[in-house]
Amino acid sequence: MSIYGRGLRGLAIVTVVTISTALVLVFFYAPLDADQGFIQKIFYIHVPLAIVSLCGFVLGGLFGAGHLRTGERKWDMRSYVAIHMALIFGVGGLITGSTWAKASWGHWWEWGDPTLVSFLIVLLLFATYQPLRFSIEDPERQSRYASVFAVVAGAFVPMNFIVVRLSQEFVHPRVLTLTGGNLPGPMRLTFVVSLAGIALLYATLWKYEMAAKNARGQARALRRALLGDDAVRPLGRSAAPS
Amino acid sequence: MTGFVLAAPALPLHSAGKYVAGAYIVFVTLVLVYVAIMATRLRRTERELAQLRRDVAAARDEAAPEPDPEPDPESEPEPDRDAEPVP
């Protein structure tokens with residue numbers, strides 16, 4: 001078993017338990033928001049998805065830096081999967097946020113809000129990651145360029161976040177602040193458990209995909225070693241690291 | 001199960017409920033679609049590994065030397081009783 005497959009079952013069980021606990025807390029423990037009412041329950045899924053997604057992009061940048069530093073392909077694979085997962089979580093955060101906006105503001109999108117627009121910019125930026133990889137045929141160059149992109153775009157995420165926080169004009173609610181936030185105890189606990197659940201889900205799916213890609217790569221390498229190059233079907237052009 | 005759902009405090013069946021349900025359904029759908037895609041890929045890898053095992057077994061059979069035929073005890077030559085004992 002590869003290092004990515006090790007402990008995957010335990011991690012998956014912890015993830016399921018944490019997410020189940022979070023759902024119970026959301027619907028049975030956390031009080032209704034005095035201002036927004038029931039619609040605020042979306043907050044417990046939307047905000048963790050957005051936070052974990054942004055952290056995933058940064059993680060992809062760090063793995064990309066690891067690849068540039070060491071030249072080892074495994075770092076490129078880690079970076080690729082981290083960004084791929086973060087994109088999926090980001091799309092989830094965007095859709096759940098839009099759903100909340102429709103219920104709360106009456107429309108799906110608000111172009112005047114810097115939080116929304118900046119998140120969209122980050123998401124679109126990282127959406128170009130896969131086409132960039134696909135456009136480069138040589139695997140070595142592909143991984144190197146992709147790592148440079150991951151580092152630069154990953155550094156853009158916290159910078160973008162700070163700029164948005166400094167913005168004065170916003171309509172997006174600011175619940176989490178450096179002074180402890182405006183959440184009462186039960187809501188804060190529910191939010192923390194939800195955030196932990198989504199973070200664990202990200203880690204589990206990242207490990208799962210890494211284990212799957214690793215197993216596939218090993219199977220190909222084994223086939224080549226045992227049966228020769230002719231026995232291995234050549235890989236087509238792909239955005240994924242080989 | 002119904003009782004469990006009904007016990008949830010303030011599960012409103014007015015306009016907000018469908019949006020909250022929609023957001024959580026989107027989340028669950030995303031995870032399920034992802035896991036389904038990964039399960040399909042995993043099955044493909046398992047098929048490749050099974051094929052690899054068959055190929056390796058076939059290659060091993062081809063490479064193995066012909067085993068020596070079992071000596072037939074009935075065709076074993078009788079010891080020559082008249083022969084000189086070997087010192």
### Query
Can you tell me how many residues in the range B:36-60 are under 15 Å from A:ARG223 (Cα atoms) and β-branched (Val, Ile, Thr)?
2
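Quick check: is even one residue across the range A:41-52 charged (D, E, K, R) and without any contact (Cβ under 8 Å) to a residue 12 or more places away in the chain? So that I can check it myself, show each step before the final result.
The initial filter retains those residues of the range A:41-52 that are charged (D, E, K, R), namely A:41.
Right, trim to without any contact (Cβ under 8 Å) to a residue 12 or more places away in the chain and you get none.
No, the conditions are met nowhere in the range A:41-52.
Across the range A:183-242, which residue is surrounded by the most Cβ atoms within 10 Å (Cβ to Cβ) among those that are among the β-branched types (Val, Ile, Thr) and away from chain B (no Cβ under 11 Å)?
Initially, the range A:183-242 is screened for residues among the β-branched types (Val, Ile, Thr), giving A:190, A:192-193, A:198, A:204, A:232.
Those left that are additionally away from chain B (no Cβ under 11 Å): A:190, A:192-193.
Values: A:THR190: 25, A:VAL192: 14, A:VAL193: 22.
Only one residue tops the list, namely A:THR190.
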### Query
Quick check: is even one residue across the range A:87-110 part of a helix (DSSP H, G or I), touching a residue at least 40 places away in the same chain (Cβ under 8 Å) and away from chain B (no Cβ under 14 Å)?
no
### Query
Assuming A:GLY66 fulfils every condition listed in (1) farther than 30 Å from A:SER143 by Cβ; (2) without any contact (Cβ under 8 Å) to a residue 60 or more places away in the chain apart from one, which condition is it?
(1)
### Message
Pairs please, first residue from the range B:43-55 and facing another protein chain (nearest Cβ under 10 Å), second anywhere and at pLDDT 80 or above, Cβ atoms under 7 Å, 6+ apart in sequence or on different chains.
### Response
B:THR45/A:ALA212; B:THR45/A:ALA215; B:THR45/A:ARG216; B:THR45/A:ALA219; B:GLU48/A:ALA219; B:LEU49/A:ALA219; B:LEU52/A:ALA219; B:LEU52/A:LEU222
## Note on the structure
Scanning the range B:30-87 for residues that are modelled with pLDDT under 60 and in a helix (DSSP H, G or I) gives B:PRO73, B:GLU74, B:SER75
### Query
So which pairs qualify, if the first residue must be in the range B:10-23 and facing chain A (nearest Cβ under 7 Å), the second must be in a loop (DSSP other than H, G, I, E, B) and modelled with pLDDT of 80 or more, the Cβ gap must be under 7 Å, and the two must be at least 6 apart or on different chains?
B:ALA10/A:LEU32
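Could you tell me whether A:GLY71 is buried (at least 24 other Cβ atoms within 10 Å of the Cβ) and either away from chain B (no Cβ under 14 Å) or within 29 Å of B:ALA16 (Cα to Cα) (or both)? Don't jump to the end; show me each part of the working.
On the way: buried (at least 24 other Cβ atoms within 10 Å of the Cβ): no; either away from chain B (no Cβ under 14 Å) or within 29 Å of B:ALA16 (Cα to Cα) (or both): yes.
When the stated conditions are applied, A:GLY71 does not pass them.
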### Query
Take the residues of the range A:1-46 that are among the hydroxyl-bearing types (Ser, Thr, Tyr) and surrounded by 14 or more Cβ atoms within 10 Å (Cβ to Cβ): which is nearest to A:LYS102 (Cα to Cα)?
A:TYR44
### Yes/no for A:SER79 being crowded, with 22+ Cβ neighbours inside 10 Å, within 20 Å of the chain's Cα centre (by Cα) and closer than 16 Å to B:VAL31 by Cα
no
#### Entry: Filter result (over 20 Å from A:ALA199 (Cβ atoms), polar (S, T, N, Q) and in contact (Cβ under 8 Å) with a residue 24 or more places away in the chain) within the range A:1-40
A:SER2, A:GLN36
#### Entry: Evaluation of A:GLY60 against (1) touching a residue at least 40 places away in the same chain (Cβ under 8 Å); (2) not in a helix (DSSP H, G or I) (one fails), failing number
(2)
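The values are calculated or read from the model by the stated rules, or taken from the named source; none is laboratory data. This structure is a prediction, so every number in the text was calculated from the model and none was measured. Note that each Cβ is placed from the backbone with ideal geometry, even for glycine, and that neighbours are counted across all protein chains shown.
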